[in-house]
Amino acid sequence: MAADRPLLVGLTGSIGMGKSETAKMFARLGVPVYDADAAVHALYEPGGGAVGKIAEAFPGSVRDGRVDRAELSRQVGGDAAAFAKLEAIVHPLVAAAQRAFIDRARAGGADLIVLDIPLLFETGGDARMDAVVVVSAPQETQRERVLSRQGMTPDKLDRILARQMPDAEKRAKAHFVVETGEGLDHAFAQVRKIVMELRARRAETT
């Protein structure tokens, strides 16, 4: 690793595992965190880079200059070809936003950068990371969390999970696992330990 390059840390986990809260914990410890979901939201807002392309590919999915996520979800549904079409639009734009974030964090002197990417393993992004952190929780906790969300149904959850690598496989591939089933304080202690270990590892190589 180049001495002046920050460690890239991939943060991932299946839906409902507590990844967003875990990302906030890294930020509390002074680590810049790139949020892939937030990047997508920005692309869908008025002036966002994906709006025009999505309007063309999925007629009726853009209203008042922004992507109507509910309508887009309805059109994509469980259609693998439609989902692939959407990914082909969004992924290059998200990748560009990610590169810009890394450049800014590096210029600011960051020693670690966390990249919060839901489908990190599924898209092969883990190959670019110096370390991968997987956020996990018991399956019953996961389902309870997700099904409490407005508009979520068991069928919709099952479709989402079908596109995601199983939790056990993610855990096996991870360098670190953060367990979120025992509360925020327990999870934060794990995150703090991971940050200390990664900073010590980087210091040994510089």
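How much FRET efficiency would the formula 1/(1 + (r/R0)^6) give for Ile160 and Ala200, where r is the Cβ-Cβ distance and R0 is 45 Å, rounded to 0.05?
E between Ile160 and Ala200, to the nearest 0.05, is 0.80.
Whole-Hz Karplus ³J(HN,Hα) for segment 101-117, in order, using 6.51 cos²θ - 1.76 cosθ + 1.60 and θ = phi - 60°, x for Gly and Pro?
Karplus values, whole Hz, x for Gly and Pro: 5, 4, 4, 5, 5, 5, 5, x, x, 5, 9, 10, 9, 9, 10, 7, 10.
Considering only C-alpha atoms, what is the centroid distance from segment 67-87 to segment 127-175, in Å?
20 Å
How much length would be gained if the chain were fully extended between Arg74 and Glu182, taking 0.36 nm per residue of separation minus their Cα-Cα distance, in nm to one decimal?
35.4 nm
Any chance you could run the full-extension gain for Met152 through Ala107? It's 0.36 nm times the residue separation minus the Cα-Cα distance, nm to one decimal.
Once the chain is fully extended between Met152 and Ala107, it gains 12.1 nm.
Can you find, among Pro92, Ala107, Phe58, the residue farthest towards the positive end of the dipole of segment 44-109? Put +1 on the C-beta of Lys and Arg, -1 on that of Asp and Glu.
My answer, from the dipole projection, is Ala107.
Go through segment 100-167 and name the trypsin sites (Lys or Arg not before Pro) that are in a DSSP coil and have 14 or fewer other Cβ atoms within 10 Å of their Cβ.
Filter output for segment 100-167: Arg149, Arg163.
Counting helices only, and only those DSSP H runs with n ≥ 4, report the 222 nm mean residue ellipticity of the chain as the sum of -39,500 (n - 2.57) divided by its residues, in deg cm²/dmol to the nearest 500.
Mean residue ellipticity at 222 nm (helix-derived): -16500 deg cm²/dmol.
Show me, bin by bin at 5 Å from 0, the whole-percent P(r) of segment 44-109 based on Cα pairs.
3, 17, 23, 21, 13, 9, 6, 5, 2
Each residue of segment 28-33 in order: what ³J(HN,Hα) in whole Hz does its phi give by Karplus 6.51 cos²θ - 1.76 cosθ + 1.60, θ = phi - 60°, with x for Gly and Pro?
4, 8, x, 9, x, 10
When the chain is fully extended, how far beyond the present Cα-Cα distance does Arg99 get from Lys85, taking 0.36 nm per residue of separation?
So the extension gain works out to 2.8 nm.
On alpha-carbon atoms, Rg over Rh for segment 1-151 using Kirkwood Rh?
Rg/Rh: 0.99.
For Phe58, list long-range residues whose amide hydrogen, built 1.01 Å from N in the peptide plane, is under 5 Å from its own amide hydrogen.
none
Whole-Hz ³J(HN,Hα) for each residue in segment 168-174, computed from phi via Karplus 6.51 cos²θ - 1.76 cosθ + 1.60 with θ = phi - 60°, x for glycine and proline: what do you get?
Taking θ as phi minus 60°, the curve returns 4, 5, 4, 4, 5, 8, 6 Hz for segment 168-174.
Bear in mind that the values in this text are calculations on the coordinates, not laboratory data. Treat the numbers as computed from the prediction; the structure is a model and nothing was measured. Don't worry about glycine lacking a Cβ; one is built from the backbone with ideal geometry, like all the others, and counts go over all protein chains shown.
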